[in-house]
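Take a look at the structure set out below.
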Amino acid sequence: MQKFIQDLITINRYQATDLLAVLRAVQTQYHYIPKAAIEQIATLMAIPRTQVIGVIEFYSFFHLTPRGQYELLISDSITDHMLGKHEMTAYIEEVLQVKLGEVRTDGLVSFDNTSCTGLCDQGPAALINGYALPHLTPPKIDQIADLINQKRPLDEWPQELFEVKDNVLKTGILLDHSLQPGEALHSSFKRGLKETLKELDISGLRGRGGAGFKTATKWQFCAEEQAAERIVVCNADEGEPGTFKDRVLLNSHAHQVFEGMTLCAAIIGAQQGFLYLRGEYLHLYDKLNAILNERRQLSLLGSNIIGSDFNFDIEICLGAGAYICGEESALIESLEGKMGVPRNRPPYPVTHGYLGKPTVVNNVETYMATATIAVNGGEWFAAVGTEKSKGTKILSICGDCDKPGIYEVAFGITIQSIVDECGAHDVLGIQIGGPSGTFISNTEFARKIAFEDLATGGSFIIFNNTRNILDIVNNFTHFFAHESCGFCTPCRVGTSLLKNQLDKIVNGHGSAGDVVALEELCQLVKTQSHCGLGQTAANPILTTLERYPELYQAQLKKISYEPGFDLDAALETARRLANRDDAAAHLTQVEEG
Amino acid sequence: MAKTITIDGLSIPFEDGQTIMQAASDAGVYIPHLCHHPEFTPHGSCKLCTVKVNGRNCSACTFPAMEGQEVINNAKDLNADRQKITQMLFVEGNHFCPSCEKTGNCQLQAVAYHLNMLDDHFPLFYQHRELDASHTDILIDHNRCIFCTLCVRASHEHDGKEVFAISGRGINKHLIVNSESGLLKDTNMTASDKAAHICPTGAILIKHTAYQVPIGERIYDHQQIDQVSLNSEQVDHDK
């Protein structure tokens, strides 16, 4: 192991910023990060061992204790639940003889939950040693179990097990206009970079990650900052449950995304770029690197790009299982080899970003749009959409509908048109913008997809009338508690309190006052949290409580007070010790009145 | 003409580069806080110092003072939220004031008194947390850690060491120490380190000094934290 780590770090000339890459390699090789490895990494990279441990314990894909040689993770997103996640979990436990959350005694396989893998249109999905396994079925699980038990290396597994589909079902101005590699750069240099930024301004393009900051303004701010170096970052940490459009864009339109990043670099004066790719999209890593190489061959990256004096290159950095890294300042921390904890703002990344350098962070779809605008002009783009939301939005539609997949729609489209188009029937409600967004009921379909009405980073999850709203809210609330980085008190403690309080109500232990307490807690977490995660973590509860208060009330017991714990369950240890299970060894919780 | 902001209607002067917290404490205005200490880089994590700046919630310890800001600090709704955040810190760890050596000298307890916290409000987590009594002179009781990172910052910024760090995610966050064994005795920490004396709660204690000051004669037994904080931190600031 000593040689493995020595070679890994010295051959790649890894710096402290590459800690995640080092840990990913060690985890892949040994299926955990041994203590001796921590010591060696800290010494070789000249960082405190506490930083190494901190990073290991922060990211879900790193472990201090051994996992199986085959690390099997099943996606725990609500969309996977709807497609049979529970049944598949039970089946896996049976055929692989391993319980969820455990390592099999022979150490060959471990099995656990993981947050949404971005395969919501082809779930239930899993990851095997980081690689995506879409659309699990019992026969597929049998096949996987055989391959594992025969200890067959992953590269010998049948390719069809890993086949991820694009499912593009509706195209618009972006997806219809594929560009030749270099087309946007040639157009921009010909027009002039300042003029191209002006076109971008005219286009009215706003960030596609969900927050909607005007892209031209962000680039302008960064360009105006006095600095020797600037950085371009593409946020491909698409972690919002129900979102998978960046996966498709990177799979089929990567040239255009990289071109947008290169254009940004030319305009703001950056030489270094990063694509921060979520760990769940490991299956795209080699393909994307090949495209980067192709672009270097084509003189679209590297030195003297298309014969100019402009130099720029892009590096792909993989995440390791942390939703919070989709927050731009947490993403930058992660790029620097640290825990993904959101920074205090100001200063903002456009002035102090990666290693303190002015940095533009944009979403995958945003960069793709900039490249298209550079070719077709701002007016062309602005002709589509609404006054405040120009252009189109690429939606990831999943859940209860006949045709889940990617839909490019013009901003301003009504929910009703989308519902009709994707073949959704008997709809109960729709989660728009993922758990951090809004749950709308079936009486609100006249509303529109737009920054001024229903903003979304792309997630669009449809629920029909067979679904239980409290199950959905419970899944989302557990998700946020799991993904809270723990930096600030209101989110660290608050998201776990929300989880416990909601569990209490959902499991029928709530009494009068518990819904009021839940709502108060929601407001506190929403208004006092440090970053967007905490500020939106209560949205699933708040948006459904507003629409379906009777659902919550119906869960409550008709008593004025219910203890926070289960009296009878608390006696279980005593019963086992006394070897008793008679009626007198049980207590009723509270006399029902 | 000095630049000014207003806090609760009062005009407060500030210098460029100062945070709202610094300007406030220089002017004798107390903003409740636990993770802030004037000698160290602000952290902004406890969220007790949240104030409304032109209507928007901001952490006073990290947010720069800027001409024309109207800051609301001592307001009923903000103090109610601060009380709840303090209650969160109490239920997250295991804080049993009557049996804690830090009682009366504890900032968490003093802030709770100041905010008129009368109960825990939230259900307790009863988290299992360890004690590290390995060091001859210093004790770590993880039950009382609130993740303010003051020991982390003091060790790094003042002592020139890296004894402490925060590890883990979400509710599983915990304090770790920089030694191969994971024990404090194997670090280069000494009782004279600033980091040994900075903990606002009873998570880091100096051994062999317990109860030398009797209960009833301790810092917050006769004074409120707003007064103590302003006196000590203004002095610190002038150094």
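The values are calculated or read from the model by the stated rules, or taken from the named source; none is laboratory data. Just so you know, these numbers come straight off a predicted model, no measurement behind them. Using ideal geometry, Cβ is built from the backbone for each residue, glycine included, and neighbour counts are taken over all protein chains shown.
Suppose we filter the stretch A:379-404 for residues that are surrounded by fewer than 22 Cβ atoms within 10 Å (Cβ to Cβ) and among the small types (Gly, Ala, Ser); how many remain? Counting residues in the stretch A:379-404 that are surrounded by fewer than 22 Cβ atoms within 10 Å (Cβ to Cβ) and among the small types (Gly, Ala, Ser) gives 2. Residues being crowded, with 24+ Cβ neighbours inside 10 Å and acidic (Asp, Glu) are represented in the stretch A:315-331 by at least one member.
Scanning the stretch A:116-165 for residues that are part of a helix (DSSP H, G or I) and within 16 Å of the chain's Cα centre (by Cα) yields a count of 2. On the basis of being in contact with a helix residue (DSSP H, G or I) (Cβ under 6 Å, 6 or more places away or on another chain), among the small types (Gly, Ala, Ser) and at negative phi, does A:GLY302 make the cut? So A:GLY302 does not fit the description; no.
Taken as a whole, the stretch A:170-179 holds no residue that is more than 25 Å from A:ILE394 (Cβ to Cβ) and in contact (Cβ under 8 Å) with a residue 24 or more places away in the chain. Put simply, of B:GLY216, B:GLY202 the only residue that is loosely packed, with under 13 Cβ neighbours inside 10 Å, away from every other protein chain (no Cβ under 14 Å) and part of a loop (DSSP other than H, G, I, E, B) is B:GLY216. Report yes if some residue within the stretch B:182-192 is farther than 16 Å from A:CYS485 by Cβ, at the interface with chain A (Cβ under 7 Å from one of its Cβ atoms) and in contact with a Ser or Thr (Cβ under 7 Å, 6 or more places away or on another chain); otherwise report no. The answer is no, given that none of the residues of the stretch B:182-192 is farther than 16 Å from A:CYS485 by Cβ, at the interface with chain A (Cβ under 7 Å from one of its Cβ atoms) and in contact with a Ser or Thr (Cβ under 7 Å, 6 or more places away or on another chain). Please indicate, with yes or no, whether at least one residue in the stretch A:82-91 is surrounded by 21 or more Cβ atoms within 10 Å (Cβ to Cβ) and touching a Lys or Arg at 6+ places or on another chain (Cβ under 8 Å). Yes, some residue in the stretch A:82-91 is surrounded by 21 or more Cβ atoms within 10 Å (Cβ to Cβ) and touching a Lys or Arg at 6+ places or on another chain (Cβ under 8 Å). Count of the stretch A:516-542 residues, restricted to those that are crowded, with 20+ Cβ neighbours inside 10 Å and β-branched (Val, Ile, Thr), is 3. For the stretch A:465-522, residues that are touching a Leu at 6+ places or on another chain (Cβ under 8 Å), of a type outside the set (A, V, I, L, M, F, W, C), within 14 Å of chain B (Cβ to nearest Cβ) and not in a helix (DSSP H, G or I) total 3. Pick from B:ILE166, B:ILE140: which is at pLDDT 95 or above, at the interface with chain A (Cβ under 10 Å from one of its Cβ atoms) and in contact with a Leu (Cβ under 8 Å, 6 or more places away or on another chain)? The unique qualifying residue is B:ILE166. Going residue by residue through the stretch A:80-89, is there one that turns out to be within 13 Å of another protein chain (Cβ to nearest Cβ) and either within 23 Å of the chain's Cα centre (by Cα) or over 30 Å from A:PHE460 (Cβ atoms) (or both)? No, there is no match, as no residue in the stretch A:80-89 is within 13 Å of another protein chain (Cβ to nearest Cβ) and either within 23 Å of the chain's Cα centre (by Cα) or over 30 Å from A:PHE460 (Cβ atoms) (or both). With the structure loaded, tell me whether A:GLY434 is more than 14 Å from chain B (Cβ to nearest Cβ), at positive phi and not in a strand (DSSP E or B) or whether it fails that test. Here the answer is yes, as A:GLY434 does meet what is asked.
Looking across the stretch B:101-137, the residues that are surrounded by 19 or more Cβ atoms within 10 Å (Cβ to Cβ), of a type in the set (A, V, I, L, M, F, W, C) and either within 12 Å of B:ALA203 (Cα to Cα) or away from chain A (no Cβ under 14 Å) (or both) come down to B:CYS106, B:LEU108, B:ALA110.
Condition first: of a type in the set (A, V, I, L, M) and at pLDDT below 95. Now tell me which residues in the stretch A:531-556 satisfy that. The answer is A:LEU551, A:ALA554, A:LEU556.
Of A:ALA371, A:ALA330, A:ALA320, A:ALA290, all but one fail to be small (Gly, Ala, Ser), over 26 Å from A:SER115 (Cβ atoms), touching a residue at least 24 places away in the same chain (Cβ under 8 Å) and out of contact with any strand residue (DSSP E or B) (no Cβ under 6 Å at 6 or more places or on another chain); the exception is A:ALA371. Among the residues of the stretch A:19-47, those that are touching a His at 6+ places or on another chain (Cβ under 9 Å) and surrounded by fewer than 21 Cβ atoms within 10 Å (Cβ to Cβ) comprise A:HIS31, A:TYR32.
Taking (1) over 27 Å from the mean Cα position of the chain (by Cα); (2) among the basic types (Lys, Arg); (3) modelled with pLDDT of 95 or more in turn, A:LYS526 satisfies each apart from (1). Which residues, counting only those in the stretch B:47-72, are more than 9 Å from chain A (Cβ to nearest Cβ) and in a strand (DSSP E or B)? Residues satisfying the conditions are B:VAL51, B:LYS52, B:VAL53, B:ARG56, B:CYS58, B:GLU70, B:VAL71, B:ILE72. Can you confirm whether A:ARG296 is of a type in the set (Lys, Arg), modelled with pLDDT of 95 or more and farther than 22 Å from A:PHE62 by Cβ? Considered against the rule, which asks whether it is of a type in the set (Lys, Arg), modelled with pLDDT of 95 or more and farther than 22 Å from A:PHE62 by Cβ, A:ARG296 comes out as yes. All of (1) within 19 Å of the chain's Cα centre (by Cα); (2) more than 14 Å from every other protein chain (Cβ to nearest Cβ); (3) not in a strand (DSSP E or B) hold for A:ASN113 with one exception: (3).
Listed by position, the helices (runs of 4 or more DSSP H) contained in the stretch A:307-410 that have at least 3 residues being away from chain B (no Cβ under 14 Å) and aliphatic (A, V, I, L, M) are A:328-335, A:364-376. Whenever a residue of the stretch A:123-138 is buried (at least 24 other Cβ atoms within 10 Å of the Cβ), its partners that are of a type in the set (Phe, Trp, Tyr), lying with C-beta atoms within less than 8 angstrom and at least six residues away or across chains, give the pairs A:LEU133/A:PHE162.
Per-residue answers, yes or no, for (1) within 15 Å of B:ILE146 (Cβ to Cβ); (2) surrounded by fewer than 20 Cβ atoms within 10 Å (Cβ to Cβ):
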position	(1), (2)
B:GLY168	yes, yes
B:LEU175	yes, no
B:GLU180	no, yes
B:LEU184	no, no
B:ASN188	no, yes
B:LYS194	no, yes
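The selection criterion, being among the aliphatic types (A, V, I, L, M), more than 20 Å from A:THR392 (Cα to Cα), touching a strand residue (DSSP E or B) at 6+ places or on another chain (Cβ under 9 Å) and surrounded by 24 or more Cβ atoms within 10 Å (Cβ to Cβ), holds for A:VAL232. Condition first: assigned to a helix (DSSP H, G or I) and more than 30 Å from A:ASN251 (Cα to Cα). Can you find one or more residues in the stretch A:96-104 that meet it? Yes.
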